1. Quick one: how many residues across the stretch 76-121 are under 11 Å from I42 (Cβ atoms), more than 20 Å from the chain's Cα centre (by Cα) and small (G, A, S)?
2. Condition check: on the phi < 0 side of the Ramachandran plot, assigned to a loop (DSSP other than H, G, I, E, B), open to solvent by less than 80 Å² (accessible area, probe 1.4 Å) and at pLDDT below 95. Does S26 satisfy that?
3. Which number in (1) open to solvent by 10 Å² or more (accessible area, probe 1.4 Å); (2) more than 21 Å from D163 (Cα to Cα); (3) at pLDDT 95 or above marks the one condition that E264 misses?
4. Can you pull out the residues in the stretch 236-261 that are surrounded by fewer than 18 Cβ atoms within 10 Å (Cβ to Cβ), more than 27 Å from T207 (Cβ to Cβ) and of a type in the set (A, V, I, L, M, F, W, C)?
5. With respect to D233, determine if the residue is open to solvent by less than 20 Å² (accessible area, probe 1.4 Å), not in a helix (DSSP H, G or I) and not basic (K, R).
6. What number of residues within the stretch 83-101 are modelled with pLDDT under 95 and on the phi > 0 side of the Ramachandran plot?
7. Mind listing whichever residues of the stretch 98-125 are in contact with a Phe, Trp or Tyr (Cβ under 8 Å, 6 or more places away or on another chain) and among the aliphatic types (A, V, I, L, M)?
8. Just a yes or no: is a residue in the stretch 307-316 β-branched (V, I, T), within 17 Å of H189 (Cβ to Cβ) and surrounded by 19 or more Cβ atoms within 10 Å (Cβ to Cβ)?
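The values are calculated or read from the model by the stated rules, or taken from the named source; none is laboratory data. Computed from a predicted model, the values in this text were never measured in an experiment. For neighbour counting, all protein chains shown are included, and Cβ atoms are generated from backbone atoms with ideal geometry for every residue, glycine included. Protein only, heavy atoms only, side chains kept; ligands, DNA and RNA dropped before computing areas. Shrake-Rupley method; radii C 1.70, N 1.55, O 1.52, S 1.80 Å.
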Amino acid sequence: MGVYLRTYCYVMIIVLVLGTEVRSQSLKNGYYSTSCPKAESIVRSTVESHFDSDPSISPGLLRLHFHDCFVQGCDGSVLIKGKSAEQAAPASSGLRGFEVIDDAKAQLESVCPGVVSCADILALSARDAVALSSGPSWTVPTGRKDGRISLASEASNLPSPLDSVAVQKQKFQAKGLDTHDLVTLLGAHTIGQTDCQFFRYRLYNFTVTGNSDPTISPSFLTQLKTLCPPNGDGSKRVALDIGSPSNFDVSFFKNLRDGNGILESDQRLWSDSETNNEVKKYASTIRGLLGFRFDNEFGKAMVKMSSIDVKTDVDGEVRKICSQVN
């Protein structure tokens, strides 16, 4: 009986391990090579077309993919419209790029109806958006299915500009992402903008006495106060990387080193010993290998992030329209 139980346990362990491996390998490179050979080229040309009209669409698509993966996993749930859907959550304020996904989806449906998921389109679009912004490109494993659930209440766990480094680490770890991934993925802030309302408190009312955040360099503080006066328009947009706002590069990390970070959550990466070491690697010309290190690591981190809680097979569906379930 004891031998039987041990044998049974070994068999179950093997089944569980194999099951996990199959699950983790459910995404693969070239998933649509036979079912829709032009899938990736159609997505790429669509993103490029929108980028040519409005280069600022790149950070929008990148943020859209990030939000999607952190809520319900990378299943296109952020694309669903509805009064109680993720798009209605306060954390989703300012999300953009939906028209790019819809455009690509419409083209794909005309060529390969019911084949390419909205979740995959979003993952591919984020990659292409970075590449068009003078950033790296990487191979995106595909095969995601679209989820059927989208709840605004679940978006409350998204990272916030007010989060401490400890909270940021906790939120990323909950998704299977380590500190290295955290710093690398936040490097996406090398492109894009934010509203004055999300960081103006750092300029005028950081403490109860009304002082400015002491981690902001004096010269940069003067610059930010000019851009965002105390009684000015809170919705005014400011580049997250004033040095090179349109280029996907390591300027963002050099800004943190010099006290020129816009968001408090970003600048705090410099004050934590663990994240500081990661920032230094990217900011250093030598250790950063002239930016090659960041380019390489960002692609790997994006592949890891875009695999969070993916739905495959019967777990999801391929939506006909990305903004609504079938």
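1. Qualifying residue count, the stretch 76-121: 2.
2. On the way: on the phi < 0 side of the Ramachandran plot: yes; assigned to a loop (DSSP other than H, G, I, E, B): yes; open to solvent by less than 80 Å² (accessible area, probe 1.4 Å): yes; at pLDDT below 95: yes.
Taking the combined requirement at face value, the residue satisfies it.
3. (2)
4. none
5. Values: open to solvent by less than 20 Å² (accessible area, probe 1.4 Å): no; not in a helix (DSSP H, G or I): yes; not basic (K, R): yes.
Criteria not met by D233.
6. Qualifying residue count, the stretch 83-101: 1.
7. Let us first name the residues in the stretch 98-125 that are in contact with a Phe, Trp or Tyr (Cβ under 8 Å, 6 or more places away or on another chain), namely 112, 115-116, 120.
Once the filter is applied, which keeps residues that are in contact with a Phe, Trp or Tyr (Cβ under 8 Å, 6 or more places away or on another chain) and among the aliphatic types (A, V, I, L, M), the stretch 98-125 yields V115, V116.
8. Filtering the stretch 307-316 down to residues β-branched (V, I, T) leaves 308, 310, 312, 314.
Now drop any that are not within 17 Å of H189 (Cβ to Cβ), which leaves none.
Looking through the stretch 307-316, none of the residues is β-branched (V, I, T), within 17 Å of H189 (Cβ to Cβ) and surrounded by 19 or more Cβ atoms within 10 Å (Cβ to Cβ).
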